Amino acid sequence: MKKSVLAALAAAFVIGGASANVSAAANPFSDVPAGHWAYQSVSKLAAEGIIEGYGDGTYRGDRNITRYEMAQMIAKAMAKNPSGANKAELDRLAAEFRDELDALGVRVAELEKYADKVVWHGELRYRYRNERIKTRDNDKIKTTRNWIMMRFEPTATVNDHWKVKARLDATSDMKTDTSTDFKLKQAYAQGTYGKFQINVGKLPFYTLVDDGMLIDDEFSGGQIVYGDKFKIALMAGRWSGTNEIDTSNYAGGELSYETDKLYVGAGFHHFRSDYFLTLHDAFGKRYNKNTHNAAVWTVGAHYNFGDLQVRGAYAQNTKAKDWKKSWTAGLAYGNANKSKPGSWDISADYRYVSPLVSLAPTYDAAYAGSKGVEFAVRYVPIYNTRIELKYFHGKDFITDKTAKVFYSRVSWFF
């Protein structure tokens, strides 16, 4: 996009009329003469502090503008609190440049006041997974999956305090050419009152303390969160479990502290279901306390040394006898931000993932019932497109033999 064509005129439009004296302001740029068609717009923008030129007194309006430069203009225009037609135009620009504004520190909660009443985001995700596990007799079991997922995530603003959020997923198996209907994965109301946040409905169930090592799923119920850097979260409801048959009663909570560099937290999660009585059928005599309950304690932390992150987490199910712990530790470097083409990151983590603790973990290569090293690399070739490759090498809990998993994913965000 051209700075003198789109950026200057759009920004001038959304702040136009902010001050009657602005139009008469002197133009500070030597390369925008009085007879130039954009003279008045550039003068307004400069007087309002929306645009800045170069040290040599030029504007260089024929230069291509970046999305981040445009986002800076929008952020400054938002601070003017425009109304009427100007606000409507700013709404559209804010929705288009949402990710860049968020990266610049314009809080999403504030941004959504300017956005449309219903904002849609989504993702088309292609995944390939190849798993090879040796049996006790050293035979190899090879499993390959190749599938596409379409995801829609609408957010509707109800008023200054409440929003309604949802997520709908549908998948297609590339091997069998079969597809599912769209399924409502999440649907909940979110209320924000100062440092308090209330969530009620079908909620995302991602255990923050252990970075999803315990569960990355959904549950039906309620959640209360209080705090800013220091947070406390309390949750209760029902979870359908990995087999979606034996529903669990659930209650839990997490405490955490977070700064730009440090995150540290602890949590407790309790489940009660017939599902936990049947686990010994799948895992031999490993789970033999004969109880309906799972009681999992978690701790986790990560620290950022610039682009380098050190991270780890530990969880233990006090109702299990064997395989009663899960833990992970690793390093990551870089940041594959989907809004920044050319950005990338790499990581290496050791994972010990107990099926009696990690009930529905977020991992793509390592899996519940495995231990070993997981390597990953992510790259953003173009805006809103990310490529991810993972390789896991370790052992399977049941066979105690080698397990190898290769996983790849391409995501297109919109």
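The values are calculated or read from the model by the stated rules, or taken from the named source; none is laboratory data. Note that the structure is predicted; figures quoted are calculated from it, not measured. Cβ sites come from the backbone with ideal geometry, for glycine too, and all protein chains shown count toward neighbours. Surface accessibility is based on the protein's heavy atoms, side chains included, excluding ligands, DNA and RNA. Shrake-Rupley method; radii C 1.70, N 1.55, O 1.52, S 1.80 Å.
Overview of results
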{"quantity": "Condition broken by H269, with the remaining ones in (1) within 24 Å of S370 (Cα to Cα); (2) surrounded by fewer than 16 Cβ atoms within 10 Å (Cβ to Cβ); (3) modelled with pLDDT of 95 or more satisfied", "calculated": "(2)"}
{"quantity": "Residues satisfying the stated conditions in segment 220-266, i.e. small (G, A, S), touching a Leu at 6+ places or on another chain (Cβ under 8 Å) and at pLDDT below 95", "calculated": "G241"}
{"quantity": "Selection status of R132, surrounded by 13 or more Cβ atoms within 10 Å (Cβ to Cβ), more than 29 Å from V296 (Cα to Cα), more than 17 Å from the chain's Cα centre (by Cα) and not polar (S, T, N, Q)", "calculated": "yes"}
{"quantity": "Breaking point among (1) over 17 Å from the mean Cα position of the chain (by Cα); (2) buried (at least 19 other Cβ atoms within 10 Å of the Cβ), for Y363", "calculated": "(1)"}
{"quantity": "Failed criterion for E89 (all others in (1) part of a strand (DSSP E or B); (2) at pLDDT below 70 hold)", "calculated": "(1)"}
{"quantity": "Any strands (runs of 3 or more DSSP E) falling wholly within segment 361-414 and containing at least 1 residues that are β-branched (V, I, T) and out of contact with any Lys or Arg (no Cβ under 9 Å at 6 or more places or on another chain)", "calculated": "370-382"}
{"quantity": "Residue in segment 222-251 that is most open to solvent (accessible area, probe 1.4 Å), counting only those that are on the phi > 0 side of the Ramachandran plot and free of Cβ contacts under 8 Å to residues at least 60 places away in the same chain", "calculated": "E244"}
{"quantity": "Residues satisfying the stated conditions in segment 347-360, i.e. assigned to a strand (DSSP E or B) and open to solvent by less than 10 Å² (accessible area, probe 1.4 Å)", "calculated": "D349, V353"}
{"quantity": "Only listed residue being in contact with a strand residue (DSSP E or B) (Cβ under 8 Å, 6 or more places away or on another chain), buried (at least 18 other Cβ atoms within 10 Å of the Cβ) and at pLDDT 95 or above, chosen from A320, A294, A332", "calculated": "A332"}
{"quantity": "Test: residue in segment 195-209 that is over 19 Å from the mean Cα position of the chain (by Cα), under 25 Å from N249 (Cβ atoms) and open to solvent by less than 40 Å² (accessible area, probe 1.4 Å)", "calculated": "yes"}
